[in-house]
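Participant: Below you will find the structure I want to go over with you.
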Amino acid sequence: MDFKRKGKLPWLSHLLYSVKHRGLMNTCLMGLKEWQKERELGINTFGDKAANELSIECSSKEGGHLYQPSSSVIFEKAMNSLPFNFSDKVFLDIGSGKGRALILAAEAGFKKVIGVEYAAELNDIAHTNIEKVKDRFPNTEFVLSEGDALQYDIPEEVDVIYLFNPFDEHAVRNLGHKVKATFATQKKIHLIYVHPVHSNVFEETFGMPISVVKNGKGIPDVAVFSTRVIDE
């Protein structure tokens, strides 16, 4: 089940998915932790929006999924799966929405966080949220870019690319090809794919994930892929 596809009651789809795959108690505990994290940071990233409810002017709109914020609980597990320190690393969020993952990445210690979002309304909220927290993270540079992620020129400085299931299968495949072409001869980067419903598409491009984070019922919450440097 892909709870980020368009629907009349997306919040209900998300809730039912979580209860089914995590259990009622774990779902309630995760919801409480998300609320506590928002309160702690003084931000507001809750809510859900379908692509057709937003002002989007780009070719990948039809392949875009529903906006929902990343889980801070799952984000922490994903970061713990990476085999390096973040203090000299650059983080890129494809489909950065209201900025929660960017702020969590700053909290994790990345030196620079970049967000790409095609919905102006969400990007404006991300700016507001980041303004509220940036003084907490003086060692992190925040960069927000509005536009089509599939047309975005990924900077070579990027070390980690983060995706919370932002696209359909076709768009995921195009993004994989773009990433591989950009970094094939440069360096190894890591792709963090949360709610990896199209993990098989990345497997075609990058091979099997180097790490998979599963929930208590054995369902993958995160798949971690890496590019391969040619001379390795």
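Participant: To make sure I understand, if each residue's beta carbon is the centre and we count other beta carbons within 10 Å, what order do ARG100, ARG136 fall in, fewest to most?
Facilitator: Fewest-to-most ranking of ARG100, ARG136: ARG136, ARG100.
Participant: What is the set of long-range amide H partners of SER211 at a cut-off below 5 Å, with H atoms built 1.01 Å from backbone N?
Facilitator: So SER211 has HN proximity to VAL224.
Participant: Here's something else I'd like to know. Only counting other Cβ atoms within 10 Å, I'd like HIS190, HIS170, HIS195, HIS127 sorted with the fewest neighbours first. The partial results should precede the final answer.
Facilitator: Working: HIS190 21, HIS170 13, HIS195 25, HIS127 16.
Listed from fewest to most nearby Cβ atoms, that is HIS170, HIS127, HIS190, HIS195.
Taken together, the values in this text are just the output of simple stated rules run on the coordinates, not laboratory data. In this text the structure is predicted, and so the values were computed from the model without any measurement. We place every Cβ from the backbone using ideal geometry, glycine too, and count neighbours over all the protein chains shown.
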